[in-house]
Structures are given as structure tokens and as C-alpha cells.
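The values are calculated or read from the model by the stated rules, or taken from the named source; none is laboratory data. Keep in mind that this is a model prediction, so the values were computed, not measured. We place every Cβ from the backbone using ideal geometry, glycine too, and count neighbours over all the protein chains shown. Accessible surface is based on the protein model in full, side chains and every heavy atom, while ligands, DNA and RNA are left aside. Shrake-Rupley method; radii C 1.70, N 1.55, O 1.52, S 1.80 Å.
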Amino acid sequence: MTEPESQVSQFKSKSGAKRVFAAFFYSMQGFRTAWKSEHAFRQELLLVIPASIVALLLPLPPLHKLALIAVLVLVLIVELINSAIEAVVDRISFEHHPLSKNAKDLGSAAVFLALSLAGVTWAVILLPVFLQ
């Protein structure tokens, strides 16, 4: 038996430095799209920015500051992936379907876990600081 030919999308990006350059602009377009069309992303970003500044100003070791900011960035990452899942599901069909519901609910659960991790991380790192 012969190996099946690998199919590559005609939309597959360029290679080398052109690919890196193009990927940067695709990412910036993704951020613009998320800001314009994703209410949850805007809310989370408007929380992440001041919270990150607070984390940097707190009298904590650098790794604690990094952890506080990293979990907030993780929330944004998971929110972007959730939004991408929702966009693909909606692109396929607006019809109610159990698998579409599962995909959206699973994405929402992932965001919930990321938010929970962020909350617990902030509590574990900050409670000892404020209880001193």
C-alpha cells in the first residue's frame, strides 16, 4: 500500500520570514476582531490590564508576579480559543444541534476553569501578603 498524499490547504501560509511576518499581522487582526466582536474578551481584557499593573506594583517576588500575570493571560488565551470554536460552529450552521451545543459548552467550561485557576492563584499568592 502506498501512503495517501498529504493534502495541504491552498490557503496554507508562506514559509520562512514571510510566514512569520504574515502570522504577526493575522494575530493582530485576530485581536482586533476579538475586541470588536467578543464582549467577554473585552471584559476580561479590561480586567487583565489593571490587574497586571497591580501585580507588578505589589511587593512580591518576581516569580509570583509572573504567576499572577500568566494566569490572567491564560484566561485571554482560552477565551480566544473559545471564541474561535464558537465562530466555527456558527459558520457551519445556526441550527440547534447537540454537537454544536457540546462544542460551545465545552469551550465555556474551559474559560470557567481558566478563570477559576486565576482566582485561586491570586488568592493563594495574595492572602499571605494581606494577612501579615
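Details
- Any hit, the range 62-74, residues being of a type outside the set (A, V, I, L, M), modelled with pLDDT of 95 or more, closer than 20 Å to Leu126 by Cβ and in contact with a helix residue (DSSP H, G or I) (Cβ under 8 Å, 6 or more places away or on another chain): yes
- Being open to solvent by less than 50 Å² (accessible area, probe 1.4 Å), of a type in the set (Phe, Trp, Tyr) and free of Cβ contacts under 8 Å to residues at least 60 places away in the same chain is a description that does not apply to Phe31.
- For the range 75-132, the candidate set comprises residues that are farther than 21 Å from His39 by Cα, not in a helix (DSSP H, G or I) and not hydroxyl-bearing (Ser, Thr, Tyr); within that set, the residue that is least open to solvent (accessible area, probe 1.4 Å) is His97.
- Of the residues making up the range 43-61, those that are out of contact with any helix residue (DSSP H, G or I) (no Cβ under 6 Å at 6 or more places or on another chain) and within 28 Å of Ala87 (Cα to Cα) number 5.
- Test: residue in the range 56-74 that is farther than 26 Å from Thr33 by Cα, touching a His at 6+ places or on another chain (Cβ under 9 Å) and in a loop (DSSP other than H, G, I, E, B): yes
- Considering residues of the range 46-68 that are open to solvent by 40 Å² or more (accessible area, probe 1.4 Å) and in contact (Cβ under 8 Å) with a residue 40 or more places away in the chain only, the residue farthest from Leu115 (Cα to Cα): Pro59
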